[in-house]
1. Would you mind counting up the charge near A:Pro73? Only other residues with Cβ under 10 Å from its Cβ, with Lys and Arg at +1 and Asp and Glu at -1.
2. How much length is gained on full extension from A:Val343 to A:Glu39, taking 0.36 nm per residue of separation minus their Cα-Cα distance?
3. Between A:Phe55 and residues 5 or more places away or on another chain, which pairs have amide H atoms under 5 Å apart, with H built 1.01 Å from N, and which residues are they?
4. Considering Cα pairs under 8 angstrom that are at least six residues apart, work out the relative contact order of chain B and quote it in whole percent.
5. Counting only other chains, and only Cβ atoms inside 10 Å, what mean value do you get across the residues of A:348-360?
6. Whole-Hz Karplus ³J(HN,Hα) for the stretch A:109-114, in order, using 6.51 cos²θ - 1.76 cosθ + 1.60 and θ = phi - 60°, x for Gly and Pro?
7. Do any GluC sites (Glu not before Pro) in the stretch A:38-74 lie in a loop, going by DSSP, with at most 11 other beta-carbon atoms within 10 Å of their beta carbon, and if so which?
8. When only alpha-carbon atoms are used, what values of Rg and Dmax, in angstrom, describe chain B?
Amino acid sequence: MKIFQRSFKFLALVVLVFLSTTIYANTSTEDGGQVDTREEVDAYIAHHLQDSHDFSFFSYTNDEGERKHAGFPLPVILWSSEGLVTFMSSEFHHNDDGHVIVEKNGLKFAKIHSKIYELEAGATAVNFDAEHHATNASRVLDFSITKSVVGILVIGLLMFFWFSRLAKQYKNKKIPTGFGRVLEPLVIYVRDEIAKPNIGDKHYRKFTGYLLTVFFFIWLLNMVGLTPLGFNVTGQIAVTACLAIFTLIIYAFSGNKDFWVHILWMPGVPYLIRPILAVIELVGTFVIKPFSLLVRLFANITAGHTVIMALIAIMFVMKDSLGVAGATGLSFVLSVLIMFIEVLVAFLQAYIFTMLSALFIGMAVAEHDHDHEHDAHGHKIPDAQDVRGDFI
Amino acid sequence: MYNLIGAGIIVIGAGFGLGQIGGKAMEGIARQPEAAGKIQTAMIIVAALLEGLAFGALILGK
């Protein structure tokens with residue numbers, strides 16, 4: 001009975017999503033909807049990797065030769081020269097080259113390559129120069145609920161729901177039920193295998209919350225990115241940069257005296273070398289560590305999505321040499337195989353991001369005073385942990 | 001053209017490095033199977049650092 005109720009709820013949700021799916025036409029017909037050439041495949045992959053202002057599941061050409069897109073629009077929120085402007089992205093009619101002008105509050109807006117431009121006063125159409133830059137339109141501050149924002153909000157709400165439920169179940173001194181049984185071993189894994197060994201028994205509790213949040217956020221968004229919904233949230237450099245900056249802020253502000261001494265005035269090395277080391281350590285702490293975190297996640301997810309899309313595109317590119325069935329079969333087999341690897345990568349990247357965050361935080365809060373030996377001049381002799389810290 | 005050659009060299013270097021890391025970790029685990037967990041963790045961290053370097057080079061060289 002309970003299972004019946006659950007599946008009913010799920011079905012209701014699916015029906016709700018598809019009822020709000022609207023089919024709208026594209027006014028420009030130069031795009032025939034066929035992906036044949038290499039350039040079109042490249043454009044198609046690049047389009048998928050980008051964030052977009054609407055949700056589009058599929059598109060097709062109807063009998064009248066009109067391009068139809070199935071999906072649903074998302075709200076566009078702009079801070080223009082006249083203040084706040086909001087409208088639905090369906091008003092652009094899926095146009096992406098600046099030909100559809102939306103007029104709101106006496107201002108005109110056009111969408112060019114997923115970026116929204118505000119036209120100058122008096123202009124009726126966007127003019128382009130030789131390099132295809134708009135000459136009479138400028139970018140506006142865009143606070144739209146884009147596809148990536150929807151992904152972040154949905155995963156955030158789901159995580160809030162799942163984990164508050166899990167926490168409530170522990171308060172009642174019961175073992176977790178339902179989805180909590182899947183989450184519990186992962187939570188314990190992050191605590192015992194990532195937080196404890198890297199941060200140390202004394203401080204790990206304070207940072208476990210952040211590490212768990214980051215781990216599940218990245219892992220779930222990576223997994224959602226592998227579904228046909230077309231999310232590519234962790235492949236947006238802004239998202240990964242933001243996560244890396246969170247880690248930077250946490251380890252910079254929780255760093256103790258030893259941490260800063262080891263950065264600015266490294267003990268145990270000749271005095272002449274200390275300023276040089278300070279420069280290297282400062283660059284390493286504030287630039288290289290966060291940069292390596294953000295580039296690793298971004299590049300891995302982008303590379304994975306590119307490979308999957310390229311394998312799907314085999315269908316279109318090789319249909320002349322292999323036949324439609326052969327090309328589709330080849331594409332299907334390769335896509336399924338790479339998908340298994342991508343599921344592994346989705347977990348591995350979440351693990352590595354969390355692991356390195358824990359390592360950096362652990363280096364910032366490590367207490368050296370008890371296990372340090374001092375030489376005759378009172379200088380600290382670096383131990384194995386310091387040496388490890390210098391290499392990362 | 002040159003960036004493609006550069007990308008190829010990066011991939012050769014990264015592949016060589018990953019092979020070294022994986023091979024040495026295997027040897028270590030075979031010698032001391034009880035330390036497999038620790039060796040695996042260290043292996044993944046070093047592999048991640050190497051991968052970050054390789055991806056950084058690929059993106060900058062693109």
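Read the figures in this text as sums done on the coordinates, not as results from a lab. For clarity, every value in this text was computed on a predicted model and none was experimentally measured. Glycine gets a Cβ as well: all are built from the backbone with ideal geometry, and neighbour counts include every protein chain shown.
1. Local charge sum for A:Pro73: -2.
2. Residue separation times 0.36 nm, minus the Cα-Cα distance, leaves 106.6 nm.
3. Those qualifying (amide H under 5 Å, at least 5 residues apart or on another chain) are A:Phe72, A:Leu74.
4. For chain B, the relative contact order is 51 percent.
5. Other-chain Cβ atoms within 10 Å of each residue's Cβ, averaged: 2.
6. Listing the rounded values in order: 10, 9, 10, 10, 6, 6 Hz.
7. Passing sites in the stretch A:38-74 are A:Glu64.
8. Values for chain B (Cα only, Rg and Dmax): 14.4, 49 Å.
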